[in-house]
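Have a look at the structure below before the remarks.
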Amino acid sequence: MGNIEICCVLVLIFNLQLVMGCGSDEYRFQDLCCSMCHAGSRVSKHCTSISQTTCVPCARGAFTDRPNSLEKCMKCKYCDPELGLYARQECTETQDAVCDCKEGYICLAKTKDGCHMCAKSMPHIFNKSRNVKGDPRHHEARPTTESEIIHSDAIIKFLSQDDTKNPMLLGNKTAKKKSVPKSEIAATYRKEEPAPETTTGKPKLGLGQDPLPMTKVLMTLMQTIDPAFPKESLKLQETGNTAIVELQNTTKTGLTGLQTVMQTGLASIRTTIQSGMVGLQGAVKTGMVDIQNVLQTGMTGIQETLRSGMADIKGIKNGLSQVENTLKQLQTNSQSNLVQMTKQVGALVNVLTKLASNQSVSFIHLRDITCKLFNKTEAKSEINQFPITPN
C-alpha cells in the first residue's frame, strides 16, 4: 500500500468516527462518548478513558427534567405572589414549578402548563361567581340592567373592531379617547347574536390567530377602564411577545438551514465512505494476496535450506564416524606392534647376551650394538606401519 492509500484509510476512519458519533444516551467530551446523567441529577465529573461519568443529585431549587450532560442544574421557576402568581405544582428534582393565577386574578400571558403574568380581575367588568382562571372569555356574567355587569363576549366583539371603526384601540394616536357608555355596549351585545362554534376548528377572534394585537388591545382597554392598571405591564408584555415571535421565526429558519446542511453533509460523507470502503476492500484483498505469496515463497526457501542443511549434517556425522573408527584402528595397531617389537628386542638381547658371553665381548660394546640394532628395528617398524602402495 502506498502513502496515498494509507492517507485515504486514515481519512475514512476519521469520517467514520464523525458519522457514527455517540449513542442517544451519551454525549461527546474530549473525543470520548460519556454516559449522560439521569433526570434529577447533573454531571459532577466527566468520564475518562478508565472511568465513567460521575453524577450528583440537583440541589434544592434546581432541576433537570431529562438525561443530560449539564454541569449545573436549571434553576426552578419562582411564582411571585406579588404578581398574583402561586405554585400550582411545586418544583422537584425532575420537573420545574408550574405557576398559575391566584383567586381574583386573570392570566395575561399563558405558558404551556400555566401562566407567567397575571392581573387583578375587574369586579365591575367580570362576574366573580364563575371565575375560570387563565382566560377572561370564561368569566360568565349575568347582566341585570344596562348599567350592571357586561358579558365578556361583548368586550370580545368590541375588541374585534379595527382601528378605523374603534378609535380607542391602541395605535390610533391622533384619535381622541372618549368614553363609551356601557348601555351602548350592552345594546350592541343584545343586537349581535353569537356566532355558532364550528366543529372543524377554533373560532377566530377579531384580529385573527395572532395573539399580539388582541393582547395589546385588551391591555389598553383595561388601562382605560382602570387607570391604576400598571403601564409597565403593557410594555413588558408587548416586548416579550414580540421577542417570542422573533425567536420562533429565527429558530425555525435556523433549524431549517441546519437540517439542510446536515442532510447535504451526511449524504456527501456517506457517498465518500462508500466509495472509500470499496477502494479499501480492494486494497486489502490485494495486500493479503501479496502477503500470502511472500509467505509461501519464504516457506519454500526455508524448507529447501533446512533440507540441504540436514544433508550436510548427515555427511559431517558420517565423516566424524569414519575419523573415529580410523583413530581406534590406529590405536589398536600401535599397541599390537609395540608388543611384538618388545618381544623381538627381548629375544635379540638374549641372543646378544649369549654371544657376548661366548666371545668375551665387553658389556659397553654390546650395549652400543644393542642400541643401534634397536634404532634400526624401530625405524623399520614405523615404515611397516604406514606402507606405501605402488601405483
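As a calculated quantity, the FRET efficiency between Ser49 and Ile269 at R0 = 45 Å, using C-beta atoms, amounts to about 0.95.
In this rough spin-label picture, where each label sits 7 Å from Cα along the Cβ direction, the Cys33-Lys102 distance is 5.2 nm.
With respect to the cross-link table entries Lys112/Lys252; Lys72/Lys102; Lys45/Lys252; Lys45/Lys112; Lys110/Lys252, which display a Cα-Cα separation exceeding 27 Å?
Details: Lys112/Lys252 19 Å; Lys72/Lys102 31 Å; Lys45/Lys252 34 Å; Lys45/Lys112 34 Å; Lys110/Lys252 21 Å.
Among Lys112/Lys252; Lys72/Lys102; Lys45/Lys252; Lys45/Lys112; Lys110/Lys252, the Cα-Cα distance tops 27 Å for Lys72/Lys102; Lys45/Lys252; Lys45/Lys112.
For segment 246-306, the square roots of the Cα gyration tensor eigenvalues, ordered a ≥ b ≥ c, give a/c of at least 1.5 with a/b greater than b/c, which places it in the prolate category. The gain in end-to-end length when the Leu330 to Gln248 segment is fully stretched comes to 18.0 nm, 0.36 nm per residue minus the alpha carbon separation. Indicate the gyration tensor shape class of segment 39-95 (rounded, prolate or oblate), computed on the Cα atoms with a ≥ b ≥ c the square roots of the eigenvalues: a/c under 1.5 is rounded; otherwise a/b larger than b/c is prolate and the rest oblate. It is prolate, given that a/c is not under 1.5 and a/b is the larger ratio.
No lab work stands behind these numbers, since they all come straight from the coordinates. Quick caveat, the model's predicted, so the values are computed rather than measured. Methodologically, a virtual Cβ is constructed for each residue, glycine included, from the backbone with ideal geometry; neighbour enumeration extends over all protein chains shown.
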